[in-house]
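Q: Take this structure, written in structure tokens, and hold onto it; I'll ask about it next.
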Amino acid sequence: MKRLLFTAVALIVVLPLILGACAQATPTAVPTNPVPTLRPTALAATSSAPTPTALSNSTSSPTATRAPATAAPTPAATPPKPEGELRFARSELGTEALDPILGANVNRPWQSLMYDFLVGSTPSGSLDPNGGLANKWESSADLKTWTFWLREGVTFWDGTPVTADDVKFSLDRAVSKAAVSSGSATLRAVIDNVEVVNPRQIVIHLKAPYLHLALMLSPLGATEGEVVSKNHFEKVGDKRFATEPMGSGPYRLLKYEAGTAIRLEAMDQHWRFGVPNYKRVHFLRIPEEATQIAMLKRGEVDVIDVSRRGSVEVQQAGFNVFEKPDASVVHVMYTEQWVSTNPLSNEKVRKAMNMAINRKDIVDNILYGRAKITGMGFVGSWHVGFDESAAPPYTFDPAQARQLLKEAGYEKGFDLDVYSYSTGGFPEQPKIMEILASYWMAIGINARLVPTEYATFRKKWGDKTVGVGVGSLNTPNRLVMGLDLILGSKGTLTVVKDPVLDGYVNAFTVATNLNDANKAMRELMAYVSQHNILGPLFGISDLYASRSDIKQWNGIANKYQYDPYLEGLLRR
Amino acid sequence: MQRYLLGRFLQTLVVLWAVTGMVFLLGHVTGDPTLLALPLDATQETKDALRHEWGLDQPLYQQYLQWVGNVAKGNLGTSIRSRKPVLDLVGERLPNSMTLAMTSMAVAVIIGIVTGAASALARGRSIDILFRGVAVLGQALPSFWLGLLLMMFFSVWIPLFPVSGAAGPLNYVLPAITLGWFVSAGITRLVRTGMIEALSSDYVKLARIKGVPETLVVLKHALRNSLIAPITFAGVYFGVLVGSAVVVETIFAWPGIGSLAYQAILYRDFPVMQGVVLVIAAIVVVTNLLVDVLYAYIDPRIRYG
């Protein structure tokens, strides 16, 4: 009897634990009509590289401050005010930089709400004279002198006007040695000085012609185009400005909780936004995806970033999933190709390794279809001049791969270290490296998986001590890359030293018109593909899940690095 | 007692120096924070400038001595990542960890003592088997799994408690149970063992013979004398709960010092790493000292000095 009682009690305690671990959770509030995955109805992405608008925009006169989005009120009507909160859970808060020059593009989601850019753009990849502080710009014929005219009536959060002095101050900071933002190195190399002509006009003098300056100072570039308040900086000083910034964007910083949250509060009215939808926006750091999904189900957050795998669960639970396609590019790096004793210096070996990978299998089964196979690594489909036909994807042909290894003199294979780590926004990375190692083992290479941290591999990579090893890189898709970083002989993280490739990289960098830039890019891509310099894999999508009543996210398929374009939810 | 305390204080300083020195060295040899703070295309000039700004271009011993000197003045440095003073960061997070640790410990002690005593009194019976089984489960179940399970049951399926954060009293329940169950398991077993030993001792037999009520025998004589080992266990684990609840803090997005330390290690934020280790080490050492002093109160046979 006692045994029976004990068994019954034990079952009552243990069984729910087991069932709970196996069963799928149901949401607390399930819509009666489950909402399918929605694609954005407006501002859809195009597959070809964007053509930036003409070097000078067509606006003939400065544009007045943008009128509010709402209809003109009757004398008795009260203008709408932002209300409510949008809570966005993310697995990381980038480097938590609030100052445009102190962090990479991973900080764009909140910075793009806190600041206005000098040059405006549309999410689809065009420059826009209506979207930035400059309503007009033009360059000299030799592309060395750029003039920007600023719109009237824009103020910082404290009500002080945005002037040319603030723009000059911001640009000077962006190219200073203290700047560690994504595009600062590129701009430091090209910008000579910034001149204030009058409170509404600045001139940027370049050291050399640079075709893409306007693009780099827009949301299509990095964060260097974000304008900060010079007066406020001088008042609070350098150290305090890092956590007490001042911008002119539609949202001001409400509170910064290091490692936990970045909280913003809407201005009642903004020249570009009109009246924002939500009074407050909270970026919450929730590292564990299961927790994020539980919070979404419980209504504690409104939007989460979700992995490819997690998107399946939230969709089944009736929440909406929005996709930003081709947000980043994943490729394998065959490092130190100039070392003649390294098997990876042999083109046939690299080609064999590329052909041994079943990319479709990985996309279907690991990435749940949320990726697109690509034939070009490091550079994504948004890049100026990107031409898919110049670098077609590799076919999966293990037999051919073995043959190539034999022709290269490695019939018996060779030892290869496969470094496995995770970089931000791509939790599947270690698993994919493990799978790649198995593909390479199948063609006779003795692939040894080396689980490590990205920081550790990055050091070896920079020090050129990887040896016979490969790593992987997940780079954000963008319109203009610093191509010499990985592909130039003098690049700090270069994988190859090839003077022919250097020529193509240089040709793109110094191109003075789009035709030349596009041509140089096509030739570069073709060369990289023909010589198997990189191990291209996929362009992967960023996914976001939202509560079920958010049915549309304008501009989600945008061409901004690391930026989900929350504007699409926050603008009326 | 004063000599004892002075000796323990000096020991504390040695321990703190050894721990922080080790963390300093290990942290610096495992990676360069500039690699993670800078974009891929940062020039060598930018890297050198940043290393100089952060003092990383100085010899290691000089960096360490500088840090020690600053600590002596109450300055734990500035976070490389957030640009906030480390003291501010620790000050924001430590109360969250302390309150969670205290709540978890309270849960653990209450459950542990009650179940341990009940187990001892019902030795060999079904209650004893059940509570010992629960204790084993508590030590065997991985905390991340338990936390996720509790979250699923009591936040999503039956929405009684919030999933994350430290906003109010309800936020403490699930993390405290997750943390506390593991510790309660150890306390249960120790109380049970101690109680069984005490209940079979001569002084308890004498008390019973003298007609002392059983409740008093159990609570005043047996239980009190069986608390020394559980107190040591709880004291040691309090420090662990404060500083090492990384998994639970991650699961429940609890803004505590454990997740701060983990992030600091991940991003090679050396000033935060060292500052947090110093604070956690100090808490552990002080907690152990308090436990030792408490001994003397519980067991008059123990004297120091």
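Q: Suppose the filter is open to solvent by 10 Å² or more (accessible area, probe 1.4 Å) and more than 21 Å from B:Thr103 (Cα to Cα); does B:Tyr262 pass it?
A: In short, yes.
Q: Does the stretch A:178-185 include one or more residues that are surrounded by fewer than 20 Cβ atoms within 10 Å (Cβ to Cβ) and within 28 Å of the chain's Cα centre (by Cα)?
A: Yes; the residues of the stretch A:178-185 include at least one that is surrounded by fewer than 20 Cβ atoms within 10 Å (Cβ to Cβ) and within 28 Å of the chain's Cα centre (by Cα).
Q: Now for a different question. Identify all residues within the stretch A:127-164 that are farther than 21 Å from A:Arg272 by Cβ and charged (D, E, K, R); write none if there are none. Reasoning before the result, please.
A: First pass over the stretch A:127-164, keeping only residues farther than 21 Å from A:Arg272 by Cβ: A:138-147.
A:Glu138, A:Asp142, A:Lys144 - these are the residues of the stretch A:127-164 that are farther than 21 Å from A:Arg272 by Cβ and charged (D, E, K, R).
Q: Shifting gears a bit: If I go through the stretch B:138-163 residue by residue, how many of them are at the interface with chain A (Cβ under 8 Å from one of its Cβ atoms) and among the aliphatic types (A, V, I, L, M)?
A: Residues in the stretch B:138-163 being at the interface with chain A (Cβ under 8 Å from one of its Cβ atoms) and among the aliphatic types (A, V, I, L, M): 6 in total.
Q: Of everything in the stretch B:54-73, what is more than 23 Å from A:Val180 (Cβ to Cβ) and in a loop (DSSP other than H, G, I, E, B)? Give them in sequence order.
A: B:Pro59, B:Lys73
Q: Still on this structure: What number of residues within the stretch B:244-254 are on the phi < 0 side of the Ramachandran plot and crowded, with 24+ Cβ neighbours inside 10 Å?
A: Final tally of qualifying residues: 6.
Q: Between B:Arg132, B:Arg123, which is of a type in the set (Lys, Arg), over 19 Å from B:Trp254 (Cβ atoms) and more than 13 Å from chain A (Cβ to nearest Cβ)?
A: B:Arg123
Q: Moving to a separate point now. List the pairs whose first member sits in the stretch B:269-293 and is in contact (Cβ under 8 Å) with a residue 24 or more places away in the chain, whose second member is basic (Lys, Arg) and crowded, with 20+ Cβ neighbours inside 10 Å, and whose Cβ atoms are under 6 Å apart, counting only residues at least 6 apart or on separate chains?
A: From the stretch B:269-293, the pairs are B:Asp269/B:Arg81.
Q: Same structure again: Could you grab me the full set of residues in the stretch A:189-200 that are modelled with pLDDT of 95 or more and either open to solvent by 40 Å² or more (accessible area, probe 1.4 Å) or farther than 10 Å from A:Val167 by Cβ (or both)? Steps first, please.
A: At the first step, the residues of the stretch A:189-200 found to be modelled with pLDDT of 95 or more are A:191-200.
Within the stretch A:189-200, A:Ile191, A:Asp192, A:Asn193, A:Glu195, A:Val196, A:Val197, A:Asn198, A:Pro199, A:Arg200 meet the criteria.
Q: Condition (residue is part of a loop (DSSP other than H, G, I, E, B), over 30 Å from the mean Cα position of the chain (by Cα), of a type in the set (A, V, I, L, M) and within 14 Å of another protein chain (Cβ to nearest Cβ)) applied to the stretch B:25-40: is it met by at least one residue?
A: yes
Q: Specify which of the listed residues (A:Val480, A:Val450, A:Val468) is within 18 Å of A:Ala104 (Cβ to Cβ) and of a type outside the set (S, T, N, Q). Break it down stepwise before answering.
A: Details: A:Val450 fails: within 18 Å of A:Ala104 (Cβ to Cβ); A:Val468 fails: within 18 Å of A:Ala104 (Cβ to Cβ).
The conditions single out A:Val480.
Q: If I filter the stretch A:132-177 down to residues being at positive phi and touching a residue at least 40 places away in the same chain (Cβ under 8 Å), which single residue comes out as nearest to the chain's Cα centre (by Cα)?
A: Per the criteria, the residue is A:Leu143.
Q: Can you confirm whether the stretch B:77-90 contains a residue that is among the charged types (D, E, K, R) and modelled with pLDDT of 90 or more?
A: Step one: filter the stretch B:77-90 for residues among the charged types (D, E, K, R), giving B:81, B:83-84, B:88.
Checking the rest, the ones that are also modelled with pLDDT of 90 or more come to B:88.
Within the stretch B:77-90, one or more residues are among the charged types (D, E, K, R) and modelled with pLDDT of 90 or more.
Q: Let me ask another. Which residue pairs have Cβ atoms under 9 Å apart, sit 6 or more places apart or on different chains, and have a first residue in the stretch B:112-134 that is open to solvent by 60 Å² or more (accessible area, probe 1.4 Å) and a second that is of a type outside the set (Phe, Trp, Tyr) and outside any helix (DSSP H, G or I)?
A: none
Q: So which residues in the stretch A:447-496 are farther than 12 Å from A:Thr335 by Cβ, open to solvent by 20 Å² or more (accessible area, probe 1.4 Å), more than 10 Å from every other protein chain (Cβ to nearest Cβ) and more than 22 Å from the chain's Cα centre (by Cα), if there are any at all?
A: Listed by number, the residues that qualify are A:Arg448, A:Leu449, A:Val450, A:Pro451, A:Thr452, A:Ser489, A:Lys490.
Q: Which of the residues spanning the stretch A:89-124 are aliphatic (A, V, I, L, M), within 14 Å of chain B (Cβ to nearest Cβ) and closer than 11 Å to A:Glu224 by Cα?
A: Answer for the stretch A:89-124, where residues must be aliphatic (A, V, I, L, M), within 14 Å of chain B (Cβ to nearest Cβ) and closer than 11 Å to A:Glu224 by Cα: A:Ile101, A:Leu102, A:Ala104.
Q: Under 7 Å by Cβ, and 6 or more places apart or on different chains, what pairs join a residue from the stretch B:185-198 that is within 15 Å of B:Ile129 (Cα to Cα) with one that is hydroxyl-bearing (Ser, Thr, Tyr) and assigned to a helix (DSSP H, G or I)?
A: From the stretch B:185-198, the pairs are B:Thr188/B:Thr115; B:Thr188/B:Ser119; B:Arg192/B:Ser119.
Q: Among (1) of a type in the set (Asp, Glu); (2) under 30 Å from B:Leu150 (Cβ atoms); (3) not in a strand (DSSP E or B), which single condition is A:Asp268 missing?
A: Failing condition for A:Asp268: (2).
Q: Right, here's the next one. Scan the stretch A:210-232 residue by residue and report those that are surrounded by 19 or more Cβ atoms within 10 Å (Cβ to Cβ), more than 17 Å from A:Pro129 (Cα to Cα) and away from chain B (no Cβ under 14 Å). Walk me through it before giving the result.
A: First, the residues of the stretch A:210-232 that are surrounded by 19 or more Cβ atoms within 10 Å (Cβ to Cβ): A:210-230, A:232.
Retained after the next criterion (residues that are more than 17 Å from A:Pro129 (Cα to Cα)): A:210-211, A:222-224, A:228-230, A:232.
If the condition is that a residue be surrounded by 19 or more Cβ atoms within 10 Å (Cβ to Cβ), more than 17 Å from A:Pro129 (Cα to Cα) and away from chain B (no Cβ under 14 Å), then A:Tyr210, A:Leu211, A:Val228, A:Ser229, A:Lys230, A:His232 are the ones that fit.
Q: Can you tell me which residues in the stretch A:286-315 are assigned to a helix (DSSP H, G or I), open to solvent by 20 Å² or more (accessible area, probe 1.4 Å) and either closer than 13 Å to A:Ile540 by Cβ or within 14 Å of another protein chain (Cβ to nearest Cβ) (or both)?
A: Result: A:Glu289, A:Ala290, A:Arg298, A:Arg309, A:Glu313.
Q: Could you please find all residues in the stretch A:506-516 being open to solvent by 10 Å² or more (accessible area, probe 1.4 Å) and part of a helix (DSSP H, G or I)?
A: Result: A:Asn506, A:Ala507, A:Thr509, A:Val510, A:Leu514, A:Asn515, A:Asp516.
Q: Further, regarding this structure: When you look at A:Ala557, is it open to solvent by less than 30 Å² (accessible area, probe 1.4 Å), assigned to a helix (DSSP H, G or I), in contact (Cβ under 8 Å) with a residue 60 or more places away in the chain and small (Gly, Ala, Ser), yes or no?
A: Judged against the criteria, A:Ala557 is not a match.
Q: Sticking with this one: Can you tell me which of B:Leu160, B:Leu148, B:Leu206, B:Leu190 is open to solvent by 40 Å² or more (accessible area, probe 1.4 Å), over 21 Å from the mean Cα position of the chain (by Cα) and modelled with pLDDT of 90 or more?
A: Working: B:Leu148 fails: over 21 Å from the mean Cα position of the chain (by Cα); B:Leu206 fails: modelled with pLDDT of 90 or more; B:Leu190 fails: over 21 Å from the mean Cα position of the chain (by Cα).
Sole residue among the options that is open to solvent by 40 Å² or more (accessible area, probe 1.4 Å), over 21 Å from the mean Cα position of the chain (by Cα) and modelled with pLDDT of 90 or more: B:Leu160.
Q: Here's a follow-up. Restricted to the stretch A:139-185, and to residues that are within 16 Å of A:Met216 (Cβ to Cβ) and in a helix (DSSP H, G or I), which residue is nearest to the other protein chains (Cβ to nearest Cβ)?
A: Here the answer is A:Ala185.
Q: Do we have B:Glu45 as surrounded by fewer than 20 Cβ atoms within 10 Å (Cβ to Cβ), at the interface with chain A (Cβ under 10 Å from one of its Cβ atoms) and within 18 Å of A:Thr95 (Cβ to Cβ) here? Outline the logic, then answer.
A: Numbers: surrounded by fewer than 20 Cβ atoms within 10 Å (Cβ to Cβ): yes; at the interface with chain A (Cβ under 10 Å from one of its Cβ atoms): yes; within 18 Å of A:Thr95 (Cβ to Cβ): no.
When the stated conditions are applied, B:Glu45 does not pass them.
Q: So, in the stretch A:111-131, exactly how many residues are within 18 Å of the chain's Cα centre (by Cα) and open to solvent by 30 Å² or more (accessible area, probe 1.4 Å)?
A: Residues flagged as within 18 Å of the chain's Cα centre (by Cα) and open to solvent by 30 Å² or more (accessible area, probe 1.4 Å) within the stretch A:111-131 amount to 3.
The values are calculated or read from the model by the stated rules, or taken from the named source; none is laboratory data. Note that the structure is a prediction, hence the values are computed from the model and not measured. Because the Cβ atoms are built from the backbone with ideal geometry, glycine has one as well, and the counts that use them run over all protein chains shown. Just so you know, the surface numbers come from the protein's heavy atoms only, side chains and all, with ligands and any DNA or RNA stripped out. Shrake-Rupley method; radii C 1.70, N 1.55, O 1.52, S 1.80 Å.
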